[in-house]
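Peer 1: Sharing a structure with you now.
The values are calculated or read from the model by the stated rules, or taken from the named source; none is laboratory data. All of these numbers come straight from a predicted model, not from anything done at the bench. Every residue, glycine among them, receives a Cβ derived from its backbone with ideal geometry; neighbour counts consider all protein chains shown. For the accessible areas, the whole protein counts, side chains as well, though only heavy atoms, and no ligand, DNA or RNA atoms are used. Shrake-Rupley method; radii C 1.70, N 1.55, O 1.52, S 1.80 Å.
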Amino acid sequence: GWRDRYTTDVLARFVDRVTADGAQILWIGMPPWNNEPEADDLQTLQDIYRSFARQDDRVSFLDASEYVADASGRFTFELPDAAGNPQQVRNPDGLHYCPPGVVRVVEPALDWIQQRWPVSVTPDWQHLSWHLEADGSIRESFRGCPAT
């Protein structure tokens, strides 16, 4: 019965508080990752979030797996880019994204936001230095990814 308690006691209360003044929520689902024991737990949470979003119009769900998983919905390090060349989307640590993976998930999230509010986005943001620290070194979660 923990799923029902979690949905009622945690998620519903969170959504009520966050949306009390009219806000909307976009939950970005967790993509698959290559740690089998924890992957099942993450999938369970993913299912709960998706189900909640279907039942509550204040919440939308974006499934990151659609953008960084293979055609079967499984973990992968690489996906083809627009030209069909292999592109590393996941960090060798098996958890974090590489910058191209971030772009693949953030673009549909930005589309969702811009469909609702007049938010401007820096042109060509995908190619700016957001993946770097102030000193020019690559951010820790991107270490192990190819240089962009």
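Peer 1: Per residue, how much accessible area does the stretch 50-148 have with a 1.4 Å probe, in Å²?
Peer 2: Numbers: 6070 Å² over 99 residues.
For the stretch 50-148, the per-residue accessible area is 61 Å².
Peer 1: Mind checking the stretch 42-148 for chymotrypsin sites (Phe, Trp or Tyr not before Pro) that DSSP puts in a loop (not H, G, I, E or B) and that have at most 15 other Cβ atoms within 10 Å?
Peer 2: Of the chymotrypsin sites (Phe, Trp or Tyr not before Pro), the ones in loops of the stretch 42-148 whose Cβ has at most 15 other Cβ atoms within 10 Å are Trp130.
Peer 1: How much net charge surrounds Ile28 when only the other residues with a Cβ under 14 Å from the Cβ of Ile28 are counted, with Lys and Arg +1 and Asp and Glu -1? Please report the intermediate quantities before stating the final value.
Peer 2: Details: positive: Arg50, Arg104; negative: Asp63, Glu66, Glu107, Asp111.
Every neighbour counted, the sum reads -2.
Peer 1: Taking Rh as the Kirkwood radius computed over C-alpha pairs, what is the Stokes-Einstein D of the stretch 70-112 at 37 °C in a medium of viscosity 0.692 mPa s, expressed in µm² per second? The partial results should precede the final answer.
Peer 2: Details: Rh = 10.9 Å.
Rounded, D is 300 µm²/s.
Peer 1: Here's something else I'd like to know. Based on the alpha carbon coordinates of the stretch 38-148, what radius of gyration and maximum Cα-Cα distance (Dmax) apply, in Å?
Peer 2: When restricted to the Cα atoms of the stretch 38-148, Rg and Dmax are 15.6, 45 Å.
Peer 1: If we count trypsin sites (Lys or Arg not before Pro) as exposed when they sit in a DSSP loop and have at most 16 other beta carbons within 10 Å, what is the longest stretch of the chain that avoids them all? Could the numbers behind the result be given before it?
Peer 2: Numbers: sites that count: Arg58, Arg74, Arg139, Arg143.
My reading of the result: 75-138 is the longest stretch.
Peer 1: Something else about it: With a cut-off of 8 Å between alpha carbons and a minimum separation of six or more residues, what is the relative contact order of the chain in percent?
Peer 2: With pairs under 8 Å counted, the relative contact order is 18 percent.
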